[in-house]
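Here the structure is laid out as structure tokens; the discussion comes afterwards.
The numbers here are math on the coordinates, done by the rules we state, and not lab data. Everything numeric here is computed off the predicted structure, so don't read it as measured data. FYI the Cβ positions are ideal-geometry reconstructions off the backbone, even for glycines, and counts take in every protein chain you see.
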Amino acid sequence: MKVNIPTPLRAYTKGKETVEVSASSVQGALDALVLTAPELKKHLFTEDDKLRSFVNVYLNDEDIRYLPQREDTATTEVDELTIIPSIAGGSAYSSKSPVPLSC
Amino acid sequence: MLRLTFADYESLRAHGEETYPHECCGILLGNNDSAGNSVKQVIRAGNTRSDSAHNRYHIAPEELIRAQREGRKAGLDIIGFYHSHPDHPARWSQTDFEEAHWFGCSYVITAIEQGQARITNSFLLKGTSEDEKAFEDEALEIDVTGVEENVASHAAKMSVDVREGDKT
Ligand SMILES: [Zn+2]
């Protein structure tokens, strides 16, 4: 199946937009992807192997976080996985900042 | 360097005026080469942060995926994003920085003061990982070729009008 790689992560897939992997589940596809492109791992997963909060993974048009079986959802060769980092921000100060910083 | 046409530049600034006092946001499709990012298409996106739209923005991943798909058909990539700062300077905020994850992409910010677009700045997200990412000021190169043509044709039309006016 195909895994679509967003522009900022293509540095780790030798510039490839899509990576072909062989897998029977979402997790299997992600594992296979990371095996093919090991440097991707730390960009997609935290140290305890959880998907980073700003990394969205879509199975075809569905966010895997909202699939009943999430990462364990079965996949076939015709499915497509898309990795898409989030886009957000704003002039507001982050709640993480203890002191308001000038923007 | 971020290159874009005058029409695209005006379009993303106008978007910020339309959504004022809320933040607008959108996606820039184009190409990246040694000279930097070139915008070929500006896609307006909805701001999903209805809870705090005056000072936050978020683009639905579905919109990003659609843009990426559409772009690929035309040989274009996502090369940047834009948003507005209603009554705030056109500088990235701490929130912008923390939530920026598209390395190599341009983040364009327009300050909207009292509903009027003021300064538009672009910042390139340098680095290839969260640990070493940094925003760098990026020059905007606005291509006015089409604008000059319009002015020229407008002028030509005016002179025709004048000649016609002379006859009567
Ligand atoms: Zn901002």
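Specify the residue with the greatest mean-square fluctuation among A:Ala32, A:Ala92, A:Ala74, computed from a Gaussian network of chain A linking alpha-carbon atoms under 10 Å apart.
So, out of A:Ala32, A:Ala92, A:Ala74, the one fluctuating most is A:Ala92.
For region A:2-85, please report how many Lys pairs fall under 18 Å Cα to Cα, leaving out neighbours fewer than 8 apart on the same chain.
Eligible lysine pairs with Cα atoms under 18 Å apart amount to 8.
Over what distance in Å are the Cα centres of region B:49-87 and region A:48-68 separated?
18
Report, as an integer, the average count of C-beta atoms from other chains found within 10 Å of each Cβ along B:37-49.
1
Could you work out, residue by residue across A:78-87, how many beta carbons of other chains sit within 10 Å of that residue's beta carbon, and then give the average as an integer?
6
What is the helix-to-structure angle for B:145-167, meaning the angle in degrees between its Cα long axis and the longest Cα principal axis of chain B, kept from 0 to 90 and rounded to the nearest 10?
20
Bin width 10 Å, alpha-carbon pairs only: give the P(r) of chain B as whole percents, running from 0 to the bin holding the largest distance.
Reading upward from the zero bin: 10, 35, 33, 12, 7, 3, 1, 0.
What is the mean number of Cβ atoms from other protein chains located within 10 Å of the Cβ atom of each residue in peptide B:58-70, rounded to a whole number?
5
If you average the C-alpha positions of region A:1-27 and of region B:115-142 separately, how far apart do those two centres end up, in angstrom?
If we compute the Cα centre of each part, the gap is 27 Å.
Using all C-alpha to C-alpha distances in chain A, build P(r) with 5 Å bins and read off the rounded percent in each one.
2, 12, 21, 23, 16, 9, 7, 6, 3, 1
Give me the percent of DSSP beta bridges within the protein assembly as shown that run antiparallel, rounded to the nearest 5.
Antiparallel bridges make up about 70 percent of those DSSP assigns within the protein assembly as shown.
Would you calculate a helix-derived [θ] at 222 nm for chain B, using -39,500 (n - 2.57) for each DSSP H run of n ≥ 4 and dividing by the full residue count, to the nearest 500?
So the helix-based figure for chain B works out to -10500 deg cm²/dmol.
Compute the helix-to-body angle for B:61-73: its Cα long axis versus the longest principal axis of chain B, expressed 0 to 90° and rounded to tens.
It is inclined by approximately 50 degrees.
Compute the long axis of helix A:26-36 from its Cα atoms, compare it with the longest principal axis of the Cα atoms of chain A, and write down the angle in degrees, 0 to 90, nearest 10.
Compared with the principal axis, the helix lies near 90 degrees.
Quote the convex hull volume per residue of the protein assembly as shown, based on C-alpha atoms, as a whole number of Å³.
Given the Cα convex hull of the protein assembly as shown, per-residue volume reads 164 Å³.
What number, rounded to the nearest 500 deg cm²/dmol, is the helix-based mean residue ellipticity at 222 nm of chain A, given -39500 (n - 2.57) per DSSP H run of at least four residues and division by all its residues?
-4000 deg cm²/dmol
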